[in-house]
Each structure stands twice: as C-alpha cells, then as structure tokens.
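Undergrad: Below you will find the structure I want to go over with you.
Any read-out appearing in this document is the output of simple, stated calculations on the displayed coordinates, not a laboratory observation. On a predicted model such as this, the values are computed, not experimentally measured, just so you know. Methodologically, a virtual Cβ is constructed for each residue, glycine included, from the backbone with ideal geometry; neighbour enumeration extends over all protein chains shown.
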Ligand code: GLA
C-alpha cells in the first residue's frame, strides 16, 4: 500500500466505524509549500507555491435515510474521531472547535453563493502535519468544498472552490489568511509550481527544471502565536497601503514607497518594504526554477528570508540558525528560506538533487541528536490539485 492508499483505507475505515455503512466516493486536496512570495497574497501580489504529496482525503456517502432532517455529518478521524453535525435547513453559525468550523464555514460559503448543499456523511483523514505551515487547514477546506460541490452536482470551478475555502477560514475560523494556500491546493498541476497573481487569480504552472529537488525542513517549532501575529501583520499592511494612497501594497514599487514614506510609521514602512521587495523577487525565482539556475535561487531565497526576518519580523532565531546551516551547506547549489506564515513551522529549500544528501546529513547531525529541536528534512514531490479520487 502506498501513502495515498493508506489514507484512503483510513478514511474508509473511519467512515464505516462512524456510520456503519460504506462510503461511495473519495476526494483529496493537497497541502502546499510556498517557494517564494511570502506574506504577499493578501496584498494582491505574486506567489509561487507548489502542492505537495501530503493531503487530506474525504470518504463520502449519502445521508442516513432515517435522519429527521437534512444534515451534513462529519467525522474527523485524526481528531480522535470527533463528530460534527450541520443542520442544512437552518442558518449555520461557527461551532466550538477549529476543524468543525472549516466544515461549517464551507457550508455557509456555498450557500452564500446561492447554491444548495446536499445532505451527506463524510469522514476526513489526512497526513499533512497540523500546525507545521504546510496548509493542512487550506487542504481541509478545499477538500470539503470539492466533495460537496461534486456530490451536489454544483460544478463550481477550482478558483471558486479556493475562494469558498478562504471565506470559511476568514469568517468561521478567524484567520485573515489570503488566497494562496487554497489556490495551490485547488489549482496546482502535477510536477509543477504555480505562479499565481493573487489579485486577478490568474495562474500558470511553472516547470521545475530537471535535476532540482524540493526539500521541506520541519523546524519542530509549533506556531502558537501565528494567528494573532498574522492578523496583526495583515492589518499593518492595510494601514501602510492606506497611508500610501493605494488599495493594495501590490500597487507600489520601491520608488513610490520611498516617495510616500514621510509620516509613515517606521514599523509599517518596514512591513511595506518587505511586501514590495518580495513581490519583485517572485518572477526571477520562477525563471530560476524553470531554468535550474541554483545560484540565482540561492540569492533570491536568501534575500526573501532576510526580509522576512528583518522587515516583516516573522522568523525566530532557531529558524534562522537552520537557514544558516543549510545555506552554508548549499553555497550556490540552491536556496533556503522560511515558508508559510512563520513563527515556527517549516523551511523550504530548492536545490540541485546531488546536494540533498549533504543537507539532510547536516540537519540530522546538528538537530536530531539534540532533543530540544528535532528538525526533520524531507524531499517532496510537486503534486496535483484537489479532485475526486478514481479508485481502480
Ligand atoms: C499563511 C496564509 C497565506 C499566506 C501565508 C504567508 O499560509 O494562510 O494566505 O498569507 O501565510 O505567505
């Protein structure tokens, strides 16, 4: 059994245990790693994420015929098989816990588009580490939206599914996240990265040059403070944009930012400088990824990390140390940086395949023997976006 088959088996088994019936369909949505373009999605900029071979799977079947009303029933197998029931003939409000609110928020958002949600029972299982910055949340939202759309015959497009999942997270989970993670999970193409304009949602797959490897390094540091700090950063960006007289920081370049600097709070200035400089790094990084220019990747990813550390202040000394270690090993053979929201979580590295062994060994030597920081490196496969799983 491969990784996905094990996940499907777990979802099937969880469905049987919860409902005493067989599921009739399966759906999957991947997590993501962002290669560059960090904290720019909610500023309308460009990002370059990649869906990964870690995902959330749903087993789905019809509602119980004996039910007294139209319900969506859900069981979260990875949350101790916690159950949730959403009444589909009443207004949906947020419930008590986060996973359940992703489900409730999706129902709310689909109905907000004037579309019905067909009664069903679902079981959810995943293998994206939770809280590591690999978008387990976005993948949960996208897979629920995909399953309900497909089962209900709603035929919502991939962009719409991503927007529904983002709305659920914004309105029901309380995270003011942008659209990057959900778009990556919904729209990615196997073997490629996704260059996404977060304002227009236009996107195109970017090939990854043969001989390049993608590595994720989980720092092992949980991201407890991430949501409040994230929401604060977003508010700071909005305040900076307002000061500069633009709708989104995307509308600025360095010259315009400098020209508008007078009277702008120093912290807000640095937040804006990160966003403006980071957006400018995405295109060169996409070109370097497609052409296998590892020296260029080393430069732009180092500049991105520095900017996240100094201007955006979302790194931690422990993360910087891992970045320094990996950058030393890589030299011009690839780049490394913090990925995702920050304050812990994962680092991403893009490198010549031959360099991967030395990087893994360096991490292993330095971190795995000291129990206080058990960082782990793993190579990932760029994967396809969400959809039904066809069982053979
Ligand atoms: C989190 C959010 C995304 C994005 C990143 C930072 O993953 O969910 O929308 O803002 O952080 O780039």
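Undergrad: Is it the case that some residue within segment 317-326 is under 21 Å from the mean Cα position of the chain (by Cα) and within 16 Å of the ligand (Cβ to nearest atom)?
TA: Checked against the condition, which is being under 21 Å from the mean Cα position of the chain (by Cα) and within 16 Å of the ligand (Cβ to nearest atom), segment 317-326 yields at least one hit.
Undergrad: Please give the number of the condition residue 227 fails out of (1) more than 13 Å from the ligand (Cβ to nearest atom); (2) farther than 30 Å from residue 114 by Cβ; (3) in contact with a helix residue (DSSP H, G or I) (Cβ under 9 Å, 6 or more places away or on another chain).
TA: Unmet condition: (1).
Undergrad: Which residues, taken from segment 37-79, are on the phi > 0 side of the Ramachandran plot and under 16 Å from the mean Cα position of the chain (by Cα)? Break it down stepwise before answering.
TA: So in segment 37-79, the residues on the phi > 0 side of the Ramachandran plot come out as 37, 39, 44.
The answer is 37, 39.
Undergrad: Looking only at segment 303-317, filter to residues that are without any contact (Cβ under 8 Å) to a residue 60 or more places away in the chain and assigned to a loop (DSSP other than H, G, I, E, B); which one of those is farthest from residue 221 (Cα to Cα)? First the steps, then the outcome.
TA: Filtering segment 303-317 down to residues without any contact (Cβ under 8 Å) to a residue 60 or more places away in the chain leaves 303, 305-307, 309-311, 313, 315, 317.
Right, trim to assigned to a loop (DSSP other than H, G, I, E, B) and you get 311, 313, 315.
On the way: 311: 21, 313: 16, 315: 11 Å.
Result: 311.
Undergrad: So, one more: Of all residues in segment 1-24, which are farther than 21 Å from residue 129 by Cα, without any contact (Cβ under 8 Å) to a residue 12 or more places away in the chain and outside any helix (DSSP H, G or I)? Show your work before the answer.
TA: Taking segment 1-24 as the starting set, the residues that turn out to be farther than 21 Å from residue 129 by Cα are 15-24.
Going one step further and asking which of them are without any contact (Cβ under 8 Å) to a residue 12 or more places away in the chain, we end up with 16, 20.
Within segment 1-24, just 20 meets the criteria.
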